[in-house]
Amino acid sequence: MSEETLDPKNWEEMRRLGHQIIDDMVEHLKNIREQPVWQPIPLEVKDSFRELLPKEGQKIETIYDEIKEKIVPYTLGNTHPYFWGWVVGTGTIFGAFGDLIASALNQPSGGLEHIANYVEQQVIEWVKEMLGYEAQASGLITRGASMASIIGLTVARNAKAGFNVREKGLQFVDAKLTYYCSTEAHSCLQKAVELLGIGSKNLRKISVNEEFQINLEELQKTITNDKKNGYKPICVIGNLGTVNTGAVDDLNSLADIAERLNMWFHIDGAFGALTKLAPESHHLADGLERADSIAIDFHKWFHINYAAGCVLVKSQRDHYDSFALVPEYLTHSTRGAGGAEIWFSDYSVELSGEFKTLKIWMSLKEHGFEKFGRLIEQNIQHAKYLTELIKNEENLELLAPTSMNIVCFRFRKEGMDQERLNKLNEEIVLQLQEQGLAVPSHTTLNGNYTIRVAITNHRTKREDLKIFVNAVKRKAEEIEITIL
Ligand SMILES: *Cc1c(COP(=O)(O)O)cnc(C)c1O
């Protein structure tokens, strides 16, 4: 009887291809500036991903050729210096090696006694120290800020509901729990609240001021009203860097309100929390340390290769009490391969996960945290520079104050109404993207189509922004003639 395995028949052939892959990927990133930022995926390439389920195996060289032809050219473009869309990180080659090693070792983080869990603990300790957060806090490395928010808001619910939510659930309890955030809060927070059975209507969305910060007076009034009407306000969510404009709520005032009313204070610091490391702009994160829980991303402004985020929870006990559940088959032994001190599954929705902490640990060792801080400052200064360039252009108009790393603006011209301006600016963004020149994204502010440049890019140089502004102006003129 012949037995099978998934190991290569020819290890030497696998090794050769592995070396080739490393060579190609290093070359790819080294020359990324020369590539188009983004290009449309041709129909035949899309169609080729509807092929028949492979029944028999293929040669690895054939598979790799297909990757070079059909996958490598059609990525989002976020590794390119001219990518400033949404909030997306750049990544590093050493981080990619981290994924290679982690994946080869194939460690199921989450529980059991193996080294991945100690790397995770180390990274969490470092994150707390970098951010100046409570040393006794617990933490978990997540796939992103969305999962970090689910965890933070779950602990908030369980700690503040006033009854055992894990046991009773919310179905037969007249709990009337309410959460509070601004209209600028990220959609992942609403999804989390929906998932928690609170209901989106009970996530009160408070209006914002001209700086796109939560309106504190309205927040307090809404809470008072809710109490009067029999609701139980349990959690205030603060934005440390909104996704639209990079606005930062008055975190200290939010912390005061939460403290006074015995509510949980959660911060969405997906990218903004890391401004704490910026040599000059660290004041943006003032008040961060007062959060009961905070969601952070590593794959955005920390340039860890996708995916990696983190949640910190000030009360380790509350965090543990929300998720720990130890069945017979996961009994934590004191010796052997099951004898781990910390099981991250006791702090998470998930049990097993990839060894995503290795690349974070490697990157912090490669560069040191101060360099990450300098890069964050560099991007904030880039945003200031771009803001100045826009202010000096007659036909460019800022649409929001630049408070961090996001610049919101549009092309405008005397006599053009909002509808035409919206159309013109949309066309500018789409053509820049489709022609591979730059990838800004867009949003709508006060009814205006807004070109949105969010700089979380360690490859961007100051002069790139000048070239970008000129490209916008050139496009605007071309489009005005041909389309409008
Ligand atoms: C990106 C982002 C999120 C969601 O994070 P993911 O890592 O994409 O899950 C939440 N809040 C803000 C402010 C963000 O920028």
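The values are calculated or read from the model by the stated rules, or taken from the named source; none is laboratory data. Keep in mind the model is a prediction, meaning the values are calculated, not measured. Note: ideal-geometry Cβ built from the backbone for every residue, glycine included; neighbour counts use all protein chains shown. Accessible surface areas use protein heavy atoms only, side chains included; no ligands, DNA or RNA. Shrake-Rupley method; radii C 1.70, N 1.55, O 1.52, S 1.80 Å.
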Worksheet entry | Listed residues 430, 357, 340: farthest to the positive end of the dipole of the stretch 329-448 (Cβ charges) | 340
Worksheet item: Which sequence of 60, 304, 481 reflects their accessible areas, 1.4 Å probe, from the largest down?
Response: 481, 60, 304
Fill in: Over the chain: helical MRE at 222 nm, DSSP H runs n ≥ 4 each giving -39500 (n - 2.57), nearest 500
-13000 deg cm²/dmol
Fill in: Inter-label distance for residue 122 and residue 262, nm, one decimal - labels placed 7 Å from Cα along Cα-to-Cβ
4.3
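Place a +1 charge on the Cβ of each Lys and Arg in the stretch 316-453 and a -1 charge on the Cβ of each Asp and Glu, then give the dipole magnitude about the Cα centre in debye, rounded to the nearest 20. Display every interim value, and only then the final one.
On the way: 15 positive and 20 negative charges, 70 e Å.
My answer is approximately 340 debye.
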Response to the item:
Restricted to the stretch 169-254, the DSSP antiparallel beta bridge percent, nearest 5, is 20
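So for 343, 11, what's the accessible-area order with a 1.4 Å probe, most first? Walk me through the numbers on the way to the answer.
Values: 343 5, 11 150 Å².
The ordering from most to least exposed comes out as 11, 343.
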Worksheet item: Using a simple spin-label model with points 7 Å from Cα along the Cα→Cβ vector, what separation in nm is obtained for residue 280 and residue 365?
Response: 3.4
Worksheet entry | Reach of residue 413 by Cα under 24 Å, taken over lysines that are not fewer than 8 positions away in the same chain | 384, 391, 423, 466, 473, 475
Discussion item. How far apart, in nanometres, would the label points at residue 466 and residue 48 be if each is projected 7 angstrom from Cα along the Cα-to-Cβ direction?
Written reply: 4.1
Worksheet item: So what's the gap between the Cα centers of the stretch 392-422 and the stretch 163-231, to the nearest angstrom?
Response: 33
Discussion item. Quick check: net charge around residue 234, other residues with Cβ under 12 Å of its Cβ, Lys/Arg +1 and Asp/Glu -1?
Written reply: +4
Response to the item:
Descending accessible area (1.4 Å probe), largest on the left, turns 356, 30 into 30, 356
Response to the item:
With all protein chains in place and a 1.4 Å probe, residue 187 shows an accessible area in Å² (nearest 10) of 70
Fill in: the chain: antiparallel DSSP beta bridges as a percent of all, rounded to 5
60
Item to complete: Report residue 369's accessible area, 1.4 Å probe, all protein chains in place, as a number in Å² to the nearest 10.
Response: 100
Discussion item. Give me a comma-separated list of calculated 3J(HN,Hα) values for the stretch 180-192, in order, Karplus coefficients 6.51, -1.76, 1.60 applied at θ = phi - 60°, integers in Hz, x for any Gly or Pro.
Written reply: 9, 8, 8, 5, 8, 5, 5, 4, 5, 6, 5, 4, 4
Worksheet item: For the stretch 452-469, what does the Karplus curve 6.51 cos²θ - 1.76 cosθ + 1.60, with θ = phi - 60°, yield as ³J(HN,Hα) per residue in whole Hz, taken in order and with x for Gly and Pro?
Response: 10, 10, 10, 9, 10, 9, 7, 9, 5, 10, 3, 5, 4, 6, 5, 4, 4, 4
Worksheet item: Amide H to amide H, which residues 5 or more places from residue 144 or on other chains are under 5 Å from it, using H placed in the peptide plane?
Response: 309
Fill in: In Å², nearest 10: area of residue 47 left accessible to a 1.4 Å probe
80
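About the Cα centre, and with charges only on the beta carbon of Lys, Arg (+1) and Asp, Glu (-1), how big is the dipole of the stretch 244-319? Nearest 20 debye, please. Let's see the in-between values first.
Numbers: 6 positive and 11 negative charges, 48 e Å.
Magnitude of the dipole: close to 220 debye.
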Response to the item:
Using alpha carbon centers only, the stretch 260-320 is separated from the stretch 46-120 by a whole-angstrom value of 27
Worksheet, complete the sentence: Rounded to 0.05, the calculated FRET efficiency for the beta carbons of residue 352 and residue 394 at R₀ = 51 Å is 0.35
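Taking N as the number of residues in the chain, what is its Cα Rg relative to 2.2 N^0.38 Å?
Values: Rg = 24.5 Å, N = 484, 2.2 N^0.38 = 23.0 Å.
Working it through for the chain, the quotient is 1.06.
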Worksheet item: Which whole-number percent gives the relative contact order of the stretch 1-149, counting Cα pairs below 8 Å spaced six or more residues apart?
Response: 17
Worksheet entry | Whole-Hz couplings from phi, Karplus 6.51/-1.76/1.60, listed for the stretch 411-427; x for Gly and Pro | 7, 9, 9, 3, x, 8, 7, 4, 4, 5, 5, 4, 5, 4, 5, 4, 5
Worksheet item: Roughly how many debye, to the nearest 20, is the charge dipole of the chain about its Cα centre, given +1 on each Lys and Arg Cβ, -1 on each Asp and Glu Cβ, and no other charges?
Response: 900
Worksheet item: Relative contact order of the chain: what whole-number percent is it, with Cα pairs under 8 angstrom and at least 6 residues apart?
Response: 22
